[in-house]
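Peer 1: What follows is a structure written as structure tokens; I'll ask about it next.
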Amino acid sequence: MGIDVPVVNAPMGGAAGGRLAAAVSRAGGLGMVGMGSAGTAEQLDAELRGVDGLDRPFGIGLVHWVVEARPGLLDRALAAGPALLSVSFGEDWPWVRRAHEAGVLAATQVGTVAAAMRAVDAGVDVLVARGAEGGGHGEPRVGTLALLTDLLDRVEVPVLAAGGIASGRGLAAVLAAGASAAWVGTAFAACPEATTQPAARGAMMAAEGDQTALTRTFDIDSGYPWPEHLPERVLTDGAGRPTPVNAGQGVGMVTAAEPAAELIARLCADAEELLRRWA
Ligand SMILES: Cc1cc2nc3c(=O)[nH]c(=O)nc-3n(C[C@H](O)[C@H](O)[C@H](O)COP(=O)(O)O)c2cc1C
């Protein structure tokens with residue numbers, strides 16, 4: 001794909017807009033513009049202005065049921081010419097053919113080996129092994145390391161690792177295991193370029209890794225039709241109750257609102273040092 005460092009920012013509704021994607025891509029990673037439960041074609045257009053004129057590859061990440069509900073979203077995403085289109089959390093695949101016809105690589109997040117096999121059969125080019133530790137929505141059935149290593153032994157397509165990667169050590173670990181890159185959400189959600197609300201950013205910086213929980217409460221309250229097997233991982237409050245801030249178990253390693261380029265440089269320098277030491 002012509003990226004310099006094996007780091008992808010996860011597409012995150014309400015956090016990963018055009019400004020973050022541009023900063024990540026300029027720093028040598030793959031910046032992804034994310035549209036979540038509330039994403040619309042108009043909102044995507046607005047965020048894509050942030051990658052206008054960018055001379056680096058970028059990606060777009062969508063949610064399957066949102067694409068079904070708002071068909072204009074997929075058209076707009078493909079028309080924007082991303083290097084990678086990710087559509088996650090669904091089980092039918094016409095979008096893969098649409099992506100390929102547009103010359104765009106197709107990715108999807110999977111939480112089990114069975115789901116990965118179905119995605120590969122459907123022609124998906126890049127799998128994201130999304131472990132239960134991850135922030136936001138996902139199928140929390142298997143932890144990142146077990147899912148990643150199992151998948152790497154079974155599929156030929158490149159596999160990215162997601163869930164709980166928020167340090168150079170985490171990046172080094174998944175690269176050493178054989179992942180093609182890390183798909184990092186929580187750590188990028190705290191960056192100043194993210195559209196995360198200031199209070200949520202502050203809560204993330206203050207939280208430890210044991211202060212998250214899985215919940216469907218906020219989706220049910222909002223009337224979003226997320227399937228039952230796809231809860232979201234959020235921060236908890238002092239009493240252990242879920243709060244509406246998406247974050248994964250790596251949140252304890254997020255202690256500052258570091259600009260995306262600095263975060264990427266730190267993750268890569270630390271990972272490189274460790275990988276050299278181990279070699
Ligand atoms: C704030 C936030 C919002 C998210 N929104 C989305 C989304 O809209 N679409 C999506 O596919 N994944 C979303 N995710 C999940 C990420 O794609 C990814 O699976 C996860 O962030 C990886 O784990 P990590 O948070 O531990 O890095 C979100 C994650 C976070 C933290």
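Peer 1: Identify the residue in the range 220-241 that is among the aliphatic types (A, V, I, L, M) and in a loop (DSSP other than H, G, I, E, B) and, among all such residues, is surrounded by the fewest Cβ atoms within 10 Å (Cβ to Cβ). Give the steps one after another, and end with the answer.
Peer 2: Narrowing the range 220-241 to residues among the aliphatic types (A, V, I, L, M): 220, 230, 234-235, 239.
From what's left, in a loop (DSSP other than H, G, I, E, B): 230, 239.
Details: 230: 21, 239: 5.
Result: 239.
Peer 1: Report those helices (runs of 4 or more DSSP H) wholly inside the range 1-98 carrying at least 3 residues which are more than 16 Å from the ligand (Cβ to nearest atom).
Peer 2: Helices (runs of 4 or more DSSP H) meeting the threshold: 18-26, 72-79.
Peer 1: Yes or no: the range 3-16 includes at least one residue that is touching a residue at least 60 places away in the same chain (Cβ under 8 Å), polar (S, T, N, Q) and either crowded, with 24+ Cβ neighbours inside 10 Å or farther than 18 Å from residue 90 by Cβ (or both).
Peer 2: Yes; the residues of the range 3-16 include at least one that is touching a residue at least 60 places away in the same chain (Cβ under 8 Å), polar (S, T, N, Q) and either crowded, with 24+ Cβ neighbours inside 10 Å or farther than 18 Å from residue 90 by Cβ (or both).
Peer 1: I'd like to know if the range 127-145 contains one or more residues that are of a type in the set (Gly, Ala, Ser) and part of a helix (DSSP H, G or I).
Peer 2: Within the range 127-145 (the criterion being of a type in the set (Gly, Ala, Ser) and part of a helix (DSSP H, G or I)), the answer is no, since none of the residues qualifies.
Peer 1: If you go through the range 89-98 one residue at a time, do you hit one that is over 27 Å from residue 249 (Cα atoms) and modelled with pLDDT under 95?
Peer 2: yes
Peer 1: Of the numbered conditions (1) within 28 Å of residue 51 (Cα to Cα); (2) under 18 Å from the mean Cα position of the chain (by Cα), residue 199 satisfies every one except a single condition; which is it?
Peer 2: The single condition residue 199 does not satisfy is (2).
Peer 1: Also, quick follow-up: Select, from 187, 207, 173, the only residue that is closer than 26 Å to residue 47 by Cα, crowded, with 20+ Cβ neighbours inside 10 Å and at pLDDT 95 or above.
Peer 2: None of the others qualify; the one that does is 187.
The values are calculated or read from the model by the stated rules, or taken from the named source; none is laboratory data. These figures come from a predicted structure and were not determined experimentally. Please note: Cβ atoms are built from the backbone with ideal geometry, for glycine as well, and neighbour counts cover all protein chains shown.
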